[in-house]
Amino acid sequence: MSSGEQETESEFPEVPEGPLSVVEDCWMVGRRNPNSMLQCNTYIRTFRQFGGQRNVCIDPGSKLDYEVVRSNVEQLVGSLQEVHGMTVNHQDPDVVGNAQDFCEGNPEIEMIASEEVWRLLQHNMLTPGRLRLSPGRTRSISTQQPFQFVPTPFCHFRGAMALYDPEQRILYTGDLFGGLNRLGRVHLLAEEDDWQGIAQFHQIYMPSRDVLRHAVREIMNLQPRVEIIAPQHGHIITGDLVGLFLERMHELLVGYDLLSGEWDRQNLSGYRDVLQRLVDCVAEDRGEMKGAICVMRCETGKKVVYVKRGVLPENVGSHTNKSGRDASHGRTGYRRSIGLCNSNGGSRQLASKTIHRITSRTDGNHRIFEARYGA
Ligand SMILES: [Fe+2]
Ligand SMILES: [Fe+2]
């Protein structure tokens, strides 16, 4: 989203400026742009020890915001030369656009990134004084390594790395938990209504619910418990919203999940054709079919419905499961299946029960498009 897209800044008088305090020794120094639907957050965390201080920049931010970021850092610590460390969640331009400016501001700066991120990021010709590649998941901190590294693979880059600061119980998550905002709504701390923008952002930029679930589980396992989620976009999540938004994130369908539903809708008439052909095949082979038949999508590859051996003619999509029975669908890797259920002898009542059993499983993983009796 470019600046100056729609309305003028004067229409939004409530725009916070300058470094914004998150908690003591942690500041958000990014620009609040009321004309944009995407705010980029850059953080400065100050670690104090033995009378000295070490300032670390988390996600240096977009070139579009450089002047504001520089000015805020100068207000806070004096100059870019006083920023001793820099971490990057992943290599997108809204995260690392200002990285070289920080390198030039302090030629001794230590940069921390995952190996996967650095492999790509080095093409920007960055010149950090020292490079530290994060070693995957860590469970402890030290003076040299004040954050725990929490990989959040595919959220949204393979090598995305969240950082946990157990002292302040703040988790810096990069794009994960980032959100879009309505124009002018650029407050720092999230409110419940802000979930809409978070969901929308994830639906666009995150690949699938599975990877979100993995990340949520990793976050839930952190000790001590996370109290603040500080993403690279939008609002900082605090208080009861941390648990609430983690729960919602666990259930959110995004990216491929949504695309796949769209394809299913487009392919529905094709599924119906196949369904009818299955009915015809069975009728030709076995006489009139009295069982239940359905078209369903199985996302997880779980075995859901079985048919008795021999009911399906060969080459119409029957798969054998471990127990030796024919499973009408469910082999790992099959995302869409045609299910045929004979319902044990073909009574209409049993068929009805079977359809009920199948359709009662229409959670996010199993979706029924159509269920009906054969013939
Ligand atoms: Fe990104
Ligand atoms: Fe981002």
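What follows draws every value from the coordinates through simple rules; no lab data is involved. All of these numbers come straight from a predicted model, not from anything done at the bench. Neighbour counts are summed over all protein chains in view; Cβ atoms, including those assigned to glycine, are modelled from backbone coordinates with ideal geometry.
Here are the numbers:
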read-out: Span from the the range 17-38 Cα centroid across to the the range 76-102 one, whole angstrom; value: 15 Å
read-out: Additional length obtainable on full extension of the chain from Asn267 to Gln203, 0.36 nm per residue less Cα span; value: 20.9 nm
read-out: Net dipole in debye of the range 9-252 [+1 Lys, Arg Cβ; -1 Asp, Glu Cβ; about Cα centre; nearest 20]; value: 780 debye
read-out: The range 138-210 shape via C-alpha gyration tensor axes, a/c threshold 1.5; value: oblate
read-out: Estimated FRET transfer efficiency (Thr138, Val23; beta-carbon r; R0 30 Å; 0.05); value: 0.85
read-out: Cα point-scatterer Debye curve for the range 1-123, base-10 log of I(q)/I(0) at q = 0.15, 0.18, 0.21, 0.22 Å⁻¹; value: -0.68, -0.94, -1.19, -1.28
read-out: Euclidean distance of C-alpha centroids, the range 189-248 and the range 107-169, integer Å; value: 20 Å
